[in-house]
Amino acid sequence: MADKSSSNAYWAANVRIILISLAVWFACSFGLGIILRPALKGIMVGGADLGFWFAQNGSIYVFLVLIFAYAARMNKLDKEHGVDE
Amino acid sequence: MDQFTLNLIVVGITFAIYIGIAIWARAGSTAEFYAAGQGVNPIMNGMATGADWMSAASFISMAGIIALAPAGGYQQSAFLMGWTGGYVLLALLLAPYLRKFGKFTVPEFIGDRFYSTTARLVAVICLIVISVTYVIGQMRGVGVTFSRFLEVSTDMGLYIGAAIVFAYAVLGGMKGITYTQVAQYIVLIIAYTIPAIFISLALTGNFFPQLGLIGSYAPSNGEISMLAKLDSLVTELGFTAYTAETSNMFNMILFTMALMIGTAGLPHVIIRFFTVPKVADARSSAGWALVFIALLYTVAPAVGAMARLNLTTTFWPGAVTGPALSAPALSIADIESKPELSWINTWKATGLLNFEDRNGDGMIQYFNEPAAVAAANKAVADAQKALAEAAADADKAPLEAAVTEAQAAQAAALAEAKLGDKSLAELGLVGNELTKVDNDIMVLANPEIAALPGWVVALVAAGGLAAALSTAAGLLLAISSAISHDLIKGALNPNISEKGELLAARISMAVAIGVATWLGLNPPGFAAQVVALAFGLAAATIFPALMMGIFSKRINKEGAILGMLAGLVFTAVYIFLYLGWFFIPGTNVYANTPANHFFGISPLSIGTIGALVNFGVAWIVSMATKAPPREVVDLVESIRIPRGAGKAQAH
């Protein structure tokens, strides 16, 4: 295991990545899909309004990209801090 | 070849594959039985997680739940976001750390992290309540699918399904289950998407149903979108618009959140991430799981919307090109004579669909019956029943007067209620004549509605069985490993040998299958409600305990135990207040209607608040009591570092 200060820095960076990812997670589902839907009624994605599309399809695509982006970012972080396997 | 033989062949082939895999993937050690030797490729594990996760409810019911919701299809988006967004939480907050921990069960982590056998046993109780309630529905799903497609009784279907699960789960444990689930995933996703693609092509000209959902309606030559067409038809018939705003945004947010954290807290999903070789694999495997889940979940809303549109245009032939009421409704003569409509009578025979020519005009009018009309119709029926049942020598004059009065009220209600710009009385309507449309029909009858070949129908039967069997197996493994590993090895007999524990695991599995089969044969009357309990409890107990165990070094055993108990009791009591104590009908304190809910929070959504209660209690109690010992802090530090997971093995 890496030394104490390095592992603290690793954990702080990890938590930062998690918080940014959670912000995206919240924004696409609860934000665009539910809370902002009435305000964004005029914007259309094909035949659906933006909020409807995010609630039924769009948020799922964002979730997918989000998990793989998180995994890639973490793999890089693991290497930088020498904690990968 | 007739449909029955075809169903038998396709289902028979899939079952032969599952048994073959069971024999090939026998488990030789507890590591293989509990965690497939921690050597499963992350993509394979993602596929297995997809099958594990997508139950009979996802496969058979979800599209219909969205399509037929009285409040409109948009409000049901909570299921779509909730059952997928939970994987983000799993990938970010739980899976990598629990994999690094490197042991076999969820209660084991809780017991070690909170240095307490009590905490472990509380987690075992939560796990068993969650998983048993969940497995009842799966066993029912197996029985029902068998009886619809293979002409055996529901009970017989259940025995066959239980025997198949027994073969590969008892023999192979997690290893057998994982590789069978991969095969089951392939069967169920093909079965789901093929009818969806054909229907999307027919209605919107788009090959991909996801594009069909936002595409334009083909018979209108692209002048109107599919969703706008659906909205205009259902509102014309008196239903809430399909894309209508939610009536209670706060509750929709809480419900979505409860499903998300409930998903992340379901033990049978979490243990899937113990099977991959490395921490990095646990992260990507959650992504792969979501890829395979999204293949179905992005198609489901399209299936729902298009099936609703198909249903409406079937019963109102004029709706294809104009308003629904621009042409007469579907006639009974057509249902009896036209081969492309034979599915209506096929499914009427199963009780999932029913119609009744209430105004005697030889046609079936499908519309939303206004509440006032429904009440007036019921009053007339009741008055007529009272008159018919009166004794021969009784004074019938007041009863006859009551009938006349009720009929006058009915006539007034029919003259009052409007469909389009005419009243029901002017249209000659008495009430909605499509008297029953079950949610399940939207998927099960889809291939027949779209006039697809017989082998597609057979595939849907095999897909429904694959979805139910794979989820049942995952749940049964979670239950049996909690019993053999956490209860027997962890608490009752810590000195049990590896061989003895493997035998105990197999016996627990066999007993769990027996109990699940018995519950499937004698389902408690509340099978539908208990799913709410399963998600609510997972959200309020296991998810917060795991998250605090990883992200805090300060939460101690007192905090964790009291937090879990507080979340458990709070959530269960709120649900019982509306659904009856222990779901016994008639014992509920309040009627389960939105007007009665505290702050408009439905029992389905309460898990979110339960989780907050758990976090709050755990934090306050931990601050007031002693910090965890040094070795526990070291454990938390070690699970936060990925390196070394491959070697971590627990015996």
- Task: Give just the number: which of (1) in contact (Cβ under 8 Å) with a residue 24 or more places away in the chain; (2) out of contact with any Gly (no Cβ under 9 Å at 6 or more places or on another chain) does B:ILE136 not satisfy?
- Result: (2)
- Of (1) buried (at least 19 other Cβ atoms within 10 Å of the Cβ); (2) within 30 Å of B:THR321 (Cα to Cα); (3) more than 10 Å from chain A (Cβ to nearest Cβ), B:LEU266 satisfies every one except (2)
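A quick yes/no check of all residues on (1) open to solvent by 10 Å² or more (accessible area, probe 1.4 Å); (2) at pLDDT 95 or above:
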{"position": "B:PHE274", "(1), (2)": "no, no"}
{"position": "B:PRO277", "(1), (2)": "yes, no"}
{"position": "B:ALA294", "(1), (2)": "no, yes"}
{"position": "B:TYR297", "(1), (2)": "no, yes"}
{"position": "B:THR314", "(1), (2)": "yes, no"}
- Message: Just to be sure before I move on: is B:MET156 out of contact with any helix residue (DSSP H, G or I) (no Cβ under 6 Å at 6 or more places or on another chain) and either of a type in the set (Ser, Thr, Tyr) or assigned to a helix (DSSP H, G or I) (or both) in the structure I sent?
- Response: yes
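Select, from B:SER131, B:SER147, the only residue that is more than 15 Å from B:ILE550 (Cα to Cα) and in contact with a His (Cβ under 7 Å, 6 or more places away or on another chain).
From the options B:SER131, B:SER147, the qualifying one is B:SER131.
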- Restricted to the stretch A:27-40, and to residues that are more than 9 Å from chain B (Cβ to nearest Cβ) and open to solvent by 30 Å² or more (accessible area, probe 1.4 Å), which residue is nearest to B:MET257 (Cα to Cα)? A:ALA27
- Task: Select, from A:SER7, A:SER21, A:SER59, the only residue that is modelled with pLDDT under 95 and either open to solvent by less than 40 Å² (accessible area, probe 1.4 Å) or at the interface with chain B (Cβ under 9 Å from one of its Cβ atoms) (or both).
- Result: A:SER7
- Residue among B:TYR168, B:TYR217 that is under 28 Å from B:GLY463 (Cα atoms) and of a type in the set (Phe, Trp, Tyr): B:TYR168
- Message: I'd like the full set of residues that are out of contact with any Lys or Arg (no Cβ under 9 Å at 6 or more places or on another chain) and more than 9 Å from every other protein chain (Cβ to nearest Cβ), limited to the stretch B:234-251.
- Response: B:THR235, B:GLU236, B:LEU237, B:PHE239, B:THR240, B:ALA241, B:ALA244, B:SER247, B:ASN248, B:PHE250, B:ASN251
- Give the residues of the stretch B:167-187 that are within 29 Å of B:GLY212 (Cα to Cα) and open to solvent by less than 10 Å² (accessible area, probe 1.4 Å), sorted by residue number. B:GLN184, B:TYR185
- Message: Can you confirm whether B:TYR185 is within 14 Å of chain A (Cβ to nearest Cβ) and farther than 30 Å from B:THR625 by Cα?
- Response: no
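Please go through the stretch B:89-115 and give me each residue that is aliphatic (A, V, I, L, M) and within 11 Å of chain A (Cβ to nearest Cβ), ordered by number.
Correct list: B:LEU89, B:LEU90, B:ALA91, B:LEU92, B:LEU93, B:ALA95.
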- Item | Of residues in the stretch B:76-88 being in contact with a Ser or Thr (Cβ under 9 Å, 6 or more places away or on another chain) and more than 8 Å from chain A (Cβ to nearest Cβ), the one farthest from A:ASN57 (Cα to Cα) | B:GLY86
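Can you name the residue in the stretch B:150-166 that is in contact (Cβ under 8 Å) with a residue 60 or more places away in the chain and touching a Phe, Trp or Tyr at 6+ places or on another chain (Cβ under 8 Å) and is also most open to solvent (accessible area, probe 1.4 Å) among such residues?
Once the filter is applied, the top-ranked residue is B:GLU151.
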- Item | Single condition B:TYR34 does not satisfy, out of (1) under 13 Å from the mean Cα position of the chain (by Cα); (2) closer than 19 Å to B:ALA472 by Cβ; (3) of a type in the set (Phe, Trp, Tyr) | (1)
- Task: Only one of these is under 30 Å from B:LYS103 (Cβ atoms) and away from every other protein chain (no Cβ under 14 Å): B:ARG283, B:ARG272. Name it.
- Result: B:ARG272
- Would you mind stating whether B:ALA572 is closer than 16 Å to B:ILE601 by Cβ and at pLDDT 95 or above? no
- Scanning the stretch B:336-353 residue by residue, those open to solvent by 60 Å² or more (accessible area, probe 1.4 Å) and not in a helix (DSSP H, G or I) turn out to be B:LYS338, B:THR350
- Message: If the requirement is being surrounded by fewer than 20 Cβ atoms within 10 Å (Cβ to Cβ), in contact (Cβ under 8 Å) with a residue 40 or more places away in the chain and within 26 Å of B:VAL460 (Cα to Cα), which of these qualifies: B:ILE190, B:ILE199?
- Response: B:ILE190
- Yes/no for B:TYR574 being out of contact with any Lys or Arg (no Cβ under 9 Å at 6 or more places or on another chain), part of a helix (DSSP H, G or I) and open to solvent by 10 Å² or more (accessible area, probe 1.4 Å): yes
- Selected residue (criterion: modelled with the highest pLDDT) from residues of the stretch B:234-263 that are open to solvent by 10 Å² or more (accessible area, probe 1.4 Å), touching a strand residue (DSSP E or B) at 6+ places or on another chain (Cβ under 8 Å) and in a loop (DSSP other than H, G, I, E, B): B:THR243
- Would you confirm whether any residue within the stretch B:404-421 is closer than 30 Å to B:ASN345 by Cα, buried (at least 16 other Cβ atoms within 10 Å of the Cβ) and aliphatic (A, V, I, L, M)? yes
- Task: Please state which one of B:ASN614, B:ASN588 is surrounded by 13 or more Cβ atoms within 10 Å (Cβ to Cβ), away from chain A (no Cβ under 14 Å) and without any contact (Cβ under 8 Å) to a residue 60 or more places away in the chain.
- Result: B:ASN588
- Could you grab me the full set of residues in the stretch A:26-59 that are closer than 12 Å to B:GLY85 by Cβ and either hydroxyl-bearing (Ser, Thr, Tyr) or assigned to a strand (DSSP E or B) (or both)? A:SER29, A:SER59
- Item | Selected residue (only one of B:SER638, B:SER622 is part of a helix (DSSP H, G or I), open to solvent by 10 Å² or more (accessible area, probe 1.4 Å) and over 26 Å from B:ASN248 (Cβ atoms)) | B:SER638
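The values are calculated or read from the model by the stated rules, or taken from the named source; none is laboratory data. A quick note: this is a predicted structure, and the numbers were derived from the prediction, not measured. Neighbour counts are summed over all protein chains in view; Cβ atoms, including those assigned to glycine, are modelled from backbone coordinates with ideal geometry. In case anyone asks, the SASA skips ligands and DNA or RNA and just uses the protein heavy atoms, side chains included. Shrake-Rupley method; radii C 1.70, N 1.55, O 1.52, S 1.80 Å.
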